[in-house]
1. Out of the residues in the range 93-110 that are farther than 23 Å from residue 134 by Cβ and not aliphatic (A, V, I, L, M), which is least open to solvent (accessible area, probe 1.4 Å)?
2. Given the criteria under 30 Å from residue 185 (Cα atoms), over 28 Å from the mean Cα position of the chain (by Cα) and at pLDDT 90 or above, does residue 272 qualify?
3. Kindly provide the set of residues from the range 272-285 that are open to solvent by less than 80 Å² (accessible area, probe 1.4 Å) and in a loop (DSSP other than H, G, I, E, B), ordered by number.
4. Search the range 101-123 for residues that are within 17 Å of residue 172 (Cα to Cα) and pair each with any residue that is assigned to a loop (DSSP other than H, G, I, E, B) and β-branched (Val, Ile, Thr) when their beta-carbon atoms are under 9 Å apart and the residues are at least 6 apart or on different chains.
5. Within the range 112-123, identify whether any single residue is over 21 Å from residue 152 (Cα atoms), open to solvent by 30 Å² or more (accessible area, probe 1.4 Å) and of a type in the set (Val, Ile, Thr), and answer yes or no.
6. Filtering the range 68-91 down to residues that are aliphatic (A, V, I, L, M) and over 17 Å from the mean Cα position of the chain (by Cα), which residue is most open to solvent (accessible area, probe 1.4 Å)?
7. If you take the residues of the range 134-161 that are at pLDDT below 85 and open to solvent by 60 Å² or more (accessible area, probe 1.4 Å), which of them is nearest to residue 178 (Cα to Cα)?
Amino acid sequence: MPGYNGLLMRDSLQDTGVIPSPGYPYYSPDLICHEQVADPQSFFTGNYDTDPNQPVQLGSQTNFFYVRTKNLSDGPVSGWYIHCYRSSASLFMTPSIWKNNPLYTRSGNPFVQTGSIASGAVGVGQDNFLLDAISSPLFCMIGVASPSSTPSIPDGFTSYGDYVLWVRQNQNVCGRNLTYLQSFPDRQFSRLDALSNPSNEAVPVLAKVEARGPLPAGTTFGVQCAPAGLNASGDTSNTTLITGSGMTPAQFDGTVTTWGSLPAGVNTWPPGATLTTTLYYGQDIGHAAHQYGEPWERFSVRPGEIEGMPRDGVLVRLGDTGTVFLA
């Protein structure tokens, strides 16, 4: 669209403007539910002609939700704001309701920003939204791109035609119905902790989660970070400590999820119960920090069982984050 000043956010109404004919190129919607990725900019621009959407995990409070756009203007754009809202299908026509249901980032912002996007290029939000699938059953999503942090959204439409015109003629609006849903037991507790790797090389990491206190048997708990390959879980009927190891990608800046799920029939976390996550990294013998390594006797794994661990490497504690449940 020559001379258009803005970003394209596609949905089923905007992809083609007509019913696709055989062989017509298909492009995925640009509201994307996906497990955490190490480099969203590279990952989601590199698969622009595919649909990378994954199922919403109905038991999770922290589904990762990414957005991407295409710059249709004649020159580069930078610093646009993208808001995302959740709605039921019947509420698409009533923005006065759905614009009060925004998604938020892990830092609490109701928007993500884009970096500089060249003309004709694809850009990905510099942060991601979090979609809580437990507190709300609404999985129809609406995205709005705006040059300001307060987008201009009408309160409603007087006809279906007015709504269709708003979507088709305003390329900064898109929608997606998240029909891919996957159920597993509700995780009544989910905590995101920051995880970054400032070095230019991947680094081995190990996460240890301890469940302590008066937790009922059958309480499950675990730790996850898809980009680092961390994925471990346990059941208090068998253990109160689990470990998971992986490799943190170079220059990674993301999160680790610690989660907990109570057994059936138990709805409240007992006072005094704790979930603590301790993070370690693999340090080679050539660095002075090697002296602060923990004795291997403290772990249930050995160096050869941890991907990327140097032969004479040790695990050095980076820190821990704990949650104590109160009455």
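The values are calculated or read from the model by the stated rules, or taken from the named source; none is laboratory data. Source: prediction; values computed, not measured. Don't worry about glycine lacking a Cβ; one is built from the backbone with ideal geometry, like all the others, and counts go over all protein chains shown. Note: areas computed on protein heavy atoms with side chains; ligands, DNA, RNA excluded. Shrake-Rupley method; radii C 1.70, N 1.55, O 1.52, S 1.80 Å.
1. The selected residue is 95.
2. So residue 272 passes the test.
3. 272, 273, 284, listed by residue number.
4. Between residues of the range 101-123 that are within 17 Å of residue 172 (Cα to Cα) and residues that are assigned to a loop (DSSP other than H, G, I, E, B) and β-branched (Val, Ile, Thr), the close pairs are 123/114.
5. Within the range 112-123, one or more residues are over 21 Å from residue 152 (Cα atoms), open to solvent by 30 Å² or more (accessible area, probe 1.4 Å) and of a type in the set (Val, Ile, Thr).
6. 89
7. 137
Results for (1) within 30 Å of residue 42 (Cα to Cα); (2) of a type outside the set (D, E, K, R); (3) open to solvent by less than 30 Å² (accessible area, probe 1.4 Å), shown as yes or no for each residue.
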| site | (1), (2), (3) |
| --- | --- |
| 211 | no, yes, yes |
| 216 | no, yes, no |
| 220 | no, yes, no |
| 223 | yes, yes, yes |
| 240 | no, yes, no |
| 251 | yes, yes, no |
| 264 | no, yes, no |
| 268 | no, yes, no |
